[in-house]
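The values are calculated or read from the model by the stated rules, or taken from the named source; none is laboratory data. Remember, it's a predicted structure, so these values are computed and weren't measured experimentally. As a convention, Cβ positions derive from the backbone with ideal geometry for all residues, glycine included, and neighbour counts pool all protein chains shown. The protein model used for the area step is the full one, side chains on, heavy atoms only, and it has no ligands, DNA or RNA in it. Shrake-Rupley method; radii C 1.70, N 1.55, O 1.52, S 1.80 Å.
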Amino acid sequence: MTTNPAKEEFVSLLESTGRKGVGSVVDYLGKAGFFHAPASVNRHLSHDGGLLEHSLNVYKMAVRLRVQMVEMRPGIESRLPEDSVAIAALLHDVCKANIYKKVTKYRKDANNRWESYDGYDADYTRFPLGHGEKSVVMLLRLGLELTNDEVLAIRWHMGAWDLSFQSFESKSNISAASDVPLVAVLQAADALAAHILEY
């Protein structure tokens, strides 16, 4: 049987939090294809295992940001518990676990001729809920114990890119959530991973 070191690292990090419900989350992610899914259809880490790779990248970036924030503002350490950073960073994109399917796509080659290649499409119809909200709902349904700060960080990890950001209520909510250090750390870690590390 082949091993997957990235999956083992992911599971070990989650289990190290000692959080109630982690086992059921890991079981679900395995069944839902999380560990083999791409991170996106055609942008960052659009390949098998990309979602797992992205989640670990976000975690590693969030840990570094946490260290820097605590050095710069020591009083903030209690508001950025290590287990919360791990939970939020590793699980922020669980909503993507079962939305991708492999398809054949077409593009022009260097000689301007059509060629086929393997790609992905996303199907959001099974549970059409907003990106961050969907991850939170899924985790709570799986029995994972989440703090309020973790819920807010996962919910708002897309920041202004969230489609629901257009409403006045959403603007007020994200403005208030931005005062939570974990929200800012996760937003920054996700953006740095997706737009710098993974391109």
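Which of the residues spanning the stretch 10-33 are farther than 17 Å from Gly49 by Cβ, open to solvent by less than 30 Å² (accessible area, probe 1.4 Å) and either β-branched (Val, Ile, Thr) or free of Cβ contacts under 8 Å to residues at least 12 places away in the same chain (or both)?
Scanning the stretch 10-33 gives Thr17, Val22, Val25.
Any residue that is under 20 Å from Ser178 (Cα atoms) and either surrounded by fewer than 19 Cβ atoms within 10 Å (Cβ to Cβ) or of a type outside the set (A, V, I, L, M) (or both) - is there at least one of those in the stretch 93-114?
The answer is yes; a qualifying residue exists.
Residue pairs, Cβ under 8 Å, 6 or more apart or interchain, first in the stretch 36-55 and in contact (Cβ under 8 Å) with a residue 40 or more places away in the chain and in a loop (DSSP other than H, G, I, E, B), second acidic (Asp, Glu) and surrounded by fewer than 16 Cβ atoms within 10 Å (Cβ to Cβ). List them.
Going by the 8 Å Cβ cut-off, the qualifying pairs are Val41/Asp121.
Being of a type in the set (S, T, N, Q) and either modelled with pLDDT under 95 or not in a helix (DSSP H, G or I) (or both) is the filter here, so list the residues in the stretch 1-34 that pass it.
Within the stretch 1-34, Thr2, Thr3, Asn4, Thr17 qualify.
When you go through Ala37, Ala62 one by one, which is the residue that is in contact with a strand residue (DSSP E or B) (Cβ under 9 Å, 6 or more places away or on another chain) and closer than 20 Å to Ala191 by Cα?
Step by step, each of Ala37, Ala62 is checked, and only Ala37 is in contact with a strand residue (DSSP E or B) (Cβ under 9 Å, 6 or more places away or on another chain) and closer than 20 Å to Ala191 by Cα.
Within the stretch 78-100, is even one residue of a type in the set (Lys, Arg) and without any contact (Cβ under 8 Å) to a residue 24 or more places away in the chain?
Applying the first criterion (of a type in the set (Lys, Arg)) to the stretch 78-100 yields 79, 96.
Next, only the ones that are without any contact (Cβ under 8 Å) to a residue 24 or more places away in the chain stay: none.
No, the stretch 78-100 contains no residue that is of a type in the set (Lys, Arg) and without any contact (Cβ under 8 Å) to a residue 24 or more places away in the chain.
Which pairs turn up if I take residues in the stretch 140-160 that are closer than 17 Å to Lys96 by Cβ and of a type in the set (A, V, I, L, M, F, W, C) and look for partners that are open to solvent by 30 Å² or more (accessible area, probe 1.4 Å) and modelled with pLDDT of 95 or more with beta carbon separation below 6 Å, at least 6 apart in sequence or on another chain?
Close Cβ pairs (under 6 Å, with a partner that is open to solvent by 30 Å² or more (accessible area, probe 1.4 Å) and modelled with pLDDT of 95 or more) amount to Leu142/Ser24; Leu142/Tyr28.
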